[in-house]
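Working notes for the structure below.
The values are calculated or read from the model by the stated rules, or taken from the named source; none is laboratory data. Please read these numbers as outputs of a predicted model, since none were measured by experiment. Cβ atoms come from the backbone with ideal geometry, glycine included; neighbour counts cover every protein chain shown.
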């Protein structure tokens, strides 16, 4: 099979290469998937780059945790009726802090635990399916981990990002009023199209002042946080009494200094969400939500690259931009 690989961490153009590897064989409890699309998350790019001192867990790594394709064979203990099934894949490489798997979705074939190959709802194409794993499961956990949001006001920091875009939609579908922050006009249009009731351009407005004005000074019940360190002051100012903050990233400063009493005086609750390390029940709930709302969820594709152009795809993720980045594997 053809696969994208790297043997050391570093810049995309220097370490990523296209090679031919032996076809994998599904073991007990596994399925073999003919990968058609491989989704790239910021975490995939960070691993390849060696961000924060991340080391190689294997001599050779096929990158990417998310993907979509068709089951072509099954291992012992898996119902043969699954052959031919369209599926979306998650956690193909495991999470941070673990050795994980060497073989991700940036390859023509992948052998993976059958539970990690989820039936792909008909409304989604392969490209959309390849972008469900990390974004959809993280968004669902952030929105719903601390109870129903119906009738509440939810602030989604970074409402134009992959997780934020889905969080906006999920919160609205569940009956919440949604305020989203973005970084410019293009992001504003994207978040508004996803259903945000109010969109705030953080570069042009005082986010805290606007949120407090919108909530008559009461603040928001929930915050979905894309960068806890960057938004500490804002979150402390706008979280309502006994409100919840669900933070899934802190890239600007991995070791933020917490203004304890700014949060404690409000009885605020802080939850850290790691999309690679969700409780089984929470993961099942997220999968169920995606299946039952597939006809109403938008998955934005910002750019598509051939497998041979994987380095360019990683550079696109690093540069930022609206929409998910997908590597087309089959036929590329």
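Which of the residues belonging to the range 203-228 are in a strand (DSSP E or B) and farther than 11 Å from residue 181 by Cβ?
Residues satisfying the conditions are 220, 221, 222.
If you scan the range 176-197, which residues turn out to be in a strand (DSSP E or B) and crowded, with 24+ Cβ neighbours inside 10 Å?
178, 179, 180, 181, 182
Checking residue 200 against (1) assigned to a loop (DSSP other than H, G, I, E, B); (2) in contact with a strand residue (DSSP E or B) (Cβ under 9 Å, 6 or more places away or on another chain), which single condition isn't satisfied?
Only one criterion is unmet by residue 200, namely (1).
Table: residues versus (1) surrounded by fewer than 17 Cβ atoms within 10 Å (Cβ to Cβ); (2) out of contact with any helix residue (DSSP H, G or I) (no Cβ under 9 Å at 6 or more places or on another chain); (3) outside the structural domain of residue 189 (by TED's automatic domain parsing).
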position: 252; (1), (2), (3): yes, yes, no
position: 256; (1), (2), (3): yes, no, no
position: 283; (1), (2), (3): no, no, yes
position: 291; (1), (2), (3): yes, yes, yes
position: 305; (1), (2), (3): no, no, yes
position: 314; (1), (2), (3): no, no, yes
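I'd like to check something: does the range 215-231 contain any residue that is more than 25 Å from residue 131 (Cβ to Cβ), without any contact (Cβ under 8 Å) to a residue 12 or more places away in the chain and more than 19 Å from the chain's Cα centre (by Cα)?
yes
Residue check, residue 73 against (1) over 24 Å from residue 121 (Cα atoms); (2) over 23 Å from the mean Cα position of the chain (by Cα), all met but one. Which one?
Of everything listed in (1) over 24 Å from residue 121 (Cα atoms); (2) over 23 Å from the mean Cα position of the chain (by Cα), residue 73 misses just condition (1).
For the range 237-259, give me the residue count where each residue is more than 22 Å from residue 46 (Cβ to Cβ) and in contact with a strand residue (DSSP E or B) (Cβ under 9 Å, 6 or more places away or on another chain).
8
Looking only at residues in the range 229-250 that are in contact with a helix residue (DSSP H, G or I) (Cβ under 9 Å, 6 or more places away or on another chain) and in a loop (DSSP other than H, G, I, E, B), which one is nearest to residue 199 (Cα to Cα)?
The extreme case among them is 231.
Being over 19 Å from the mean Cα position of the chain (by Cα) and either without any contact (Cβ under 8 Å) to a residue 24 or more places away in the chain or assigned by TED's automatic domain parsing to the domain that holds residue 219 (or both) narrows it down to one residue among 157, 169, 152; which is it?
Result: 152 is the single residue among 157, 169, 152 that is over 19 Å from the mean Cα position of the chain (by Cα) and either without any contact (Cβ under 8 Å) to a residue 24 or more places away in the chain or assigned by TED's automatic domain parsing to the domain that holds residue 219 (or both).
Looking only at the range 172-214, count every residue that is closer than 18 Å to residue 263 by Cα and out of contact with any helix residue (DSSP H, G or I) (no Cβ under 7 Å at 6 or more places or on another chain) and tell me the total.
Count: 1.
Does the range 139-153 contain any residue that is assigned to a helix (DSSP H, G or I) and under 30 Å from residue 59 (Cα atoms)?
no
Do we find that residue 247 is at pLDDT below 95 and within 26 Å of residue 322 (Cβ to Cβ) in this structure?
no
Here is a list: 270, 312, 258, 297. Which entry is over 29 Å from residue 115 (Cβ atoms) and either touching a residue at least 40 places away in the same chain (Cβ under 8 Å) or in a helix (DSSP H, G or I) (or both)?
On inspection, the qualifying residue turns out to be 312.
Tell me yes or no: at least one residue of the range 17-30 is buried (at least 20 other Cβ atoms within 10 Å of the Cβ) and part of a strand (DSSP E or B).
Yes, the range 17-30 contains at least one residue that is buried (at least 20 other Cβ atoms within 10 Å of the Cβ) and part of a strand (DSSP E or B).
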